[in-house]
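Working notes for the structure below.
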Amino acid sequence: MSHEIEQAAQDAVQAAQQSEQYALLLAAVQATQARQAPCQHPHPAPAPQSSNTGKWVAAGVGGSIFLLAVAVSAVAVAISAVALTVCLVVLRSVWQDIRAEREQRHG
């Protein structure tokens, strides 16, 4: 009889463990179904969102044009500076030649 009691106790423990496993499995299935099931109450329609894409594209294009204008202006200033330097060097050379000729005539 004690063997039958031990066997019954082992069966009871095994059944309890299986019950816990089934309860966890059932809870997981119910949670998954709850996530997938659509809500029964109506939701308000989402407010239309204004697209900021156009604003960002406009800002990017405007910024690019501005930076391009700044770069072209910088190149123009550099070219002007080189041209002015060359002119000054040439005028200085001409002025020195004129002074040298005056000194030869008067001197």
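For the reader, a short list of remarks on this structure follows.
- Between the helical axis of 2-36 and the longest alpha-carbon principal axis of the chain there is an angle of about 40 degrees.
- Per-residue Karplus couplings for region 56-66, computed as 6.51 cos²θ - 1.76 cosθ + 1.60 with θ equal to phi - 60°, are listed in order as 5, 5, 4, 5, x, 5, x, x, 5, 5, 4 Hz, Gly and Pro entered as x.
- Taking a quarter of the surface of the Cα convex hull of the chain gives a mean projected area of 21.7 nm².
- In this calculation the C-beta distance from residue 52 to residue 76 is compared with R0 = 35 Å, giving a FRET efficiency of 0.50.
- In the context of the full set of protein chains, the chain has a per residue accessible area of 94 Å² (1.4 Å probe).
- Accessible area in the full protein assembly, largest first, 1.4 Å probe, for 106, 3: 106, 3
The values are calculated or read from the model by the stated rules, or taken from the named source; none is laboratory data. These figures come from a predicted structure and were not determined experimentally. Backbone-built Cβ (ideal geometry, glycine too); neighbour counts: all protein chains shown. In case anyone asks, the SASA skips ligands and DNA or RNA and just uses the protein heavy atoms, side chains included. Shrake-Rupley method; radii C 1.70, N 1.55, O 1.52, S 1.80 Å.
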